[in-house]
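Undergrad: I'd like to ask you about the structure that follows.
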Amino acid sequence: MLLSNLYFLLQVLIELPYVLVQAVFYSIIVYAMIGFEWTAAEFFWFLFFMYFNFLCFTYYGMMSMAVTPN
């Protein structure tokens, strides 16, 4: 039981930097394509929302795989 909990905790933690890299690349490309004004505050708000949006979808996929049978 302890090892399975540790496995899932580490699986969640390892996704944080990986999703951050994805969100940074995605935000730079999409922010430029949309044509928003390039201010640091607006860009980091956009990055903030994209990062947590990506995390929600990633964790939802991990949860749906964990609760469904083989």
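Undergrad: Is there any pair with a first residue in the range 5-21 that is under 14 Å from residue 56 (Cα atoms) and a second that is of a type outside the set (Phe, Trp, Tyr) whose Cβ atoms are under 6 Å apart and which are 6 or more apart or on different chains, and what are they?
TA: Short answer, once both residue conditions are applied: 15/58; 19/55; 19/58.
Undergrad: What pairs can you find where one residue is in the range 36-50 and assigned to a helix (DSSP H, G or I), the other is modelled with pLDDT of 95 or more and open to solvent by 90 Å² or more (accessible area, probe 1.4 Å), and their Cβ atoms are less than 8 Å apart, with a gap of 6+ or different chains?
TA: Partner pairs satisfying both residue conditions: 50/26.
Undergrad: Residues in the range 53-70 that are in a helix (DSSP H, G or I) and surrounded by fewer than 12 Cβ atoms within 10 Å (Cβ to Cβ): how many?
TA: 9
Undergrad: Looking at residue 3, is it on the phi < 0 side of the Ramachandran plot and either open to solvent by less than 90 Å² (accessible area, probe 1.4 Å) or in contact with a Phe, Trp or Tyr (Cβ under 9 Å, 6 or more places away or on another chain) (or both)?
TA: No, not satisfied.
The values are calculated or read from the model by the stated rules, or taken from the named source; none is laboratory data. Keep in mind that what you see is a predicted model, and the values were worked out from it rather than measured. In this analysis, Cβ positions are derived from the backbone assuming ideal geometry, glycine residues included, and neighbour counts consider all displayed protein chains. Keep in mind that these areas ignore ligands, DNA and RNA; they rest on the heavy atoms of the full protein, side chains included. Shrake-Rupley method; radii C 1.70, N 1.55, O 1.52, S 1.80 Å.
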